[in-house]
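Undergrad: Please read through the structure below; I'll follow up with questions.
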Ligand code: SF4
């Protein structure tokens, strides 16, 4: 898939889903699009449908009600797709660890390729993550 | 009458949280709306009973990323209400400063999104661009862009030194200048005016019956504003106005928010002035919380945040109830969405500034005979704006 | 304050175990009287229903309504105590106050309290939930 990934890395199209976050991570993701950080200059674009996406950004602790929907969205995605988890919520559960409504193993819902820690991560660290992803894709 | 149902959600392509709406439409007109929530349910009230009082302040901060200081303020008010704890004057100013800065950034955020929904992306980019200096101010104050962690029972966690105050003045002047420009672009734009005037009216009676709060009710002539009704912190020491408008449509909600932003800038400036002169500690040490119950509230950008805490004398609450403003504002869609065209539904749903914006795009219309045809709410909304723009330009 | 005195004068017979604090008035009412009290506070005094809190104590389930009088910042908090923990039932105030519909549905969802006369007694937060979450805020022994 080397040649394919290289072409993918030129312009990553991103789809974003939120699985029970506090929506701060989501706002910071949107912040990336606005003039201060403007990731569109790197060829990254937020798209409206999962069927156009190369990268899936997920946030939140995945509550039990939303987990099947996230799984469904992942299944609808064209492969290969790279799943990037934004925020501490996805990696460790943040302060919601004791919640009765949390999915214990988020990796079983969808396979996650990359974690960005932080609550919320700074936009700079998200950009760095994207740069790293591009680096990996380029081999 | 043939009624069609349009499901919206639970995932929407662009924004924040997942919600599910079901619009029942007759031709172009919305006749009923139903909502299903619970996609974001994390069980805060349950978790909070396992945390100490100080820990639960950090927990409630993570209820919502936009009002991430309103919940902690209401929470510490509730704990202070149990024992009538007094806080130092300097801490009162710092609390108000943080709370009002948050209102500025939240209103700017909403303004941008409202522009985006009706196809006015310039406004979106502008509003979000000038929201950045506010986040920078937060970074100066607390070290973090969001989730500031400033509140404590009995005061605030960090003091502000005078070098920081000078920096804050600079940023504030810049924001005020840009706000004047944005408000001109939003308030006096003829397209925006004719697009939003008379859309999604929430009448005065409905606003009272649904117990709505915040800008949603203040645009319908209900004067409630916790900052003035029950002045806590520094709100009785600063001077600002109550903004109440009468029409209840989306345009009035926009104007309320724009005017409130200017009031907030005024308050922030007064707080900064006072912080250069008032000295003293910022935190009273509170050792114990006695048994009892307390109610704390605060005027968040979206309306009244309500916290109820019951303590039994240990270091944990035995009950912690949280009521966010969107919780009472969202049911009012039932009143404001009835009888409006579909193209207006999106902006009406967005107009209460719900803590989720799943209203972005509908997936499918399911016909009575279950004939799915795709229909795009966002596109319908933008097309209407475009039509109005052309008509105005033709005149 | 004048409003509080007026309220106590009018409704005195129905109010038990009153606790008065600065700007707060907590009192117990019986299940039969809650509708009348709510109507008086909402329609006559012009209060706004802020929210209602349910909590499980050892002596039963308590429901605490919070009515806010926005003019003065005064809170009126009538409390209904239900002794029957297995099968709690309360009279609904949703027919008087439209805004109580969601509040009561949430209490039904998280505690299993049934509101008599509610227009739509369904779960609010865990509706269509695929898992086994049922009345999560009740004590585990009682469930
Ligand atoms: S990681 Fe933090 S900021 Fe991000 S969704 Fe979770 S609680 Fe919110």
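Just so you know, all these numbers are worked out from the coordinates, no wet-lab data involved. These numbers were taken from a predicted model, which means no experiment stands behind them. Quick reminder, even Gly has a Cβ in these numbers, built from the backbone with ideal geometry, and neighbours come from all protein chains shown.
Undergrad: Given R₀ = 60 Å, FRET efficiency for residue A:76-residue C:22 by Cβ-Cβ distance, to 0.05? Walk me through the intermediate numbers first.
TA: Numbers: r = 57 Å, r/R0 = 0.95.
The calculated FRET efficiency here is 0.60.
Undergrad: Sort the following peptides by mean Cβ neighbour count (other Cβ atoms within 10 Å, averaged over residues), highest first: A:38-49, B:192-203, B:253-264.
TA: Numbers: A:38-49: 14.8, B:192-203: 20.0, B:253-264: 22.2.
Ranked from most to least packed, the peptides come out as B:253-264, B:192-203, A:38-49.
Undergrad: Here is a follow-up. Averaged over B:90-98, how many beta carbons belonging to a partner chain fall within 10 Å of each residue's beta carbon?
TA: Numbers: counts 0, 0, 0, 0, 0, 0, 0, 0, 0.
Going residue by residue through B:90-98 and averaging, the value is 0.
Undergrad: Report the normalised scattering of the protein assembly as shown as log10 I(q)/I(0) at q = 0.10, 0.11 Å⁻¹, calculated by the Debye formula with identical scatterers on the alpha carbons.
TA: Relative scattering, expressed as log10 I(q)/I(0), comes to -0.96, -1.19.
Undergrad: Take the eigenvalues of the Cα gyration tensor for segment A:2-138, scale each by 5, and report the square roots as semi-axes in whole Å, largest first.
TA: Equivalent ellipsoid semi-axes, largest first: 24, 17, 13 Å.
Undergrad: Here is a follow-up. Report the Cα centroid-to-centroid distance between segment C:9-74 and segment B:128-144 in angstrom, as an integer.
TA: About 42 Å separates the Cα centre of segment C:9-74 from the one of segment B:128-144.
Undergrad: Rounded to the nearest 500 deg cm²/dmol, what is the calculated helix-only ellipticity per residue at 222 nm for chain C, with -39500 (n - 2.57) per DSSP H run of length n ≥ 4?
TA: The helix contribution divided over chain C gives -5500 deg cm²/dmol.
Undergrad: State the volume of the convex hull built on the alpha-carbon positions of segment C:2-91, expressed per residue in Å³ and rounded to an integer.
TA: Convex hull of Cα atoms, per residue: 94 Å³.
Undergrad: Once a ≥ b ≥ c are taken as the square roots of the eigenvalues of the Cα gyration tensor of segment B:151-302, is the result rounded (a/c under 1.5), prolate (a/b larger than b/c) or oblate (a/b not larger than b/c)?
TA: oblate
Undergrad: How far, in nm, would the chain grow between residue A:136 and residue A:113 when pulled straight, counting 0.36 nm per residue and subtracting the alpha carbon separation?
TA: 7.1 nm
Undergrad: Below 8 Å, C-alpha to C-alpha, sequence gap of six or more: please give me the relative contact order for chain C in percent.
TA: Relative contact order comes out at 18 percent.
Undergrad: Can you give the mean number of other chain Cβ atoms that lie within 10 Å of the Cβ atoms in peptide B:226-238? Present the calculation step by step, with values, prior to reporting the outcome.
TA: On the way: counts 3, 0, 2, 7, 7, 1, 1, 0, 0, 0, 0, 0, 0.
Mean shielding count: 2.
Undergrad: Quickly work out the residue B:52-to-residue C:72 label distance, labels modelled 7 Å from Cα along the C-beta direction, and quote it in nm with one decimal.
TA: Placing both labels 7 Å along Cα→Cβ, they lie 3.9 nm apart.
Undergrad: Could you give the length gained on full extension between residue B:236 and residue B:122, defined as 0.36 nm per residue of separation minus the Cα-Cα distance, in nm?
TA: Between residue B:236 and residue B:122, full extension yields 37.2 nm more.
Undergrad: What value, in deg cm²/dmol to 500, does the helix sum -39500 (n - 2.57) over DSSP H runs of n ≥ 4 give at 222 nm once divided by the residues of chain B?
TA: Working: 16 runs with 189 residues, N = 395.
Helix-only estimate at 222 nm: -15000 deg cm²/dmol.
Undergrad: Okay, moving on. Of the candidates A:78, A:120, A:21, which one comes out as most mobile in a Gaussian network treatment of chain A with C-alpha springs shorter than 10 Å?
TA: A:78
Undergrad: Would you calculate the separation in nanometres between label points at residue B:89 and residue A:11, each defined as 7 Å from the Cα along the Cα-to-beta-carbon direction?
TA: Result for the modelled spin labels: 6.1 nm.
Undergrad: Angle, helix A:67-76 long axis vs. longest principal axis of chain A, Cα atoms, 0 to 90°, nearest 10?
TA: On a 0 to 90 degree scale, this one is about 20.
Undergrad: Another question, if that's okay. Quick one: if the Förster radius is 35 Å, what FRET efficiency do residue A:51 and residue B:180 give, using the C-beta to C-beta distance and rounding to 0.05?
TA: After rounding, the FRET efficiency stands at 0.20.
Undergrad: Estimate the FRET efficiency between residue B:285 and residue B:244 by the formula 1/(1 + (r/R0)^6), using the beta-carbon distance for r and 41 Å for R0, to the nearest 0.05.
TA: Taking R0 as 41 Å, the efficiency between residue B:285 and residue B:244 is 0.50.
Undergrad: With labels modelled as points extended 7 Å from the Cα through the Cβ direction, what inter-label distance (nm, one decimal) is found for residue C:89 paired with residue B:31?
TA: Taking the two extended label points, one gets 3.6 nm.
Undergrad: What does the highest-first list of B:153-161, B:181-189 look like by mean Cβ count within 10 Å?
TA: Highest mean packing first, the order is B:153-161, B:181-189.
Undergrad: Quick one: of the DSSP bridges fully inside the protein assembly as shown, what percent are antiparallel, nearest 5?
TA: Around 70 percent of the beta bridges assigned by DSSP in the protein assembly as shown are antiparallel ones.
Undergrad: While we're here: Note the angle between two axes, namely the Cα long axis of helix B:162-187 and the longest principal axis of the Cα atoms of chain B, as a number of degrees from 0 to 90, rounded to the nearest 10.
TA: 20
Undergrad: In whole Å, what are the extents of segment B:45-322 along the principal axes defined by its C-alpha atoms, from largest to smallest?
TA: 58, 47, 30
Undergrad: Something else now. Compute the acute angle (0 to 90°) between the alpha-carbon long axis of helix C:100-111 and the principal axis of greatest extent of the alpha-carbon atoms of chain C; round to the nearest 10°.
TA: With rounding to tens, the tilt is 50 degrees.
Undergrad: Related question: Averaged across C:94-102, how many Cβ atoms of other chains sit within 10 Å of each residue's Cβ atom?
TA: 4
Undergrad: By how many nm would the segment from residue B:139 to residue B:22 grow when fully extended, if each residue of separation counts as 0.36 nm and the alpha-carbon distance is taken off?
TA: Net length gain for the segment: 38.1 nm.
Undergrad: Counting DSSP beta bridges in chain A, what percent are antiparallel, to the nearest 5?
TA: So the antiparallel bridges amount to about 5 percent of the total.
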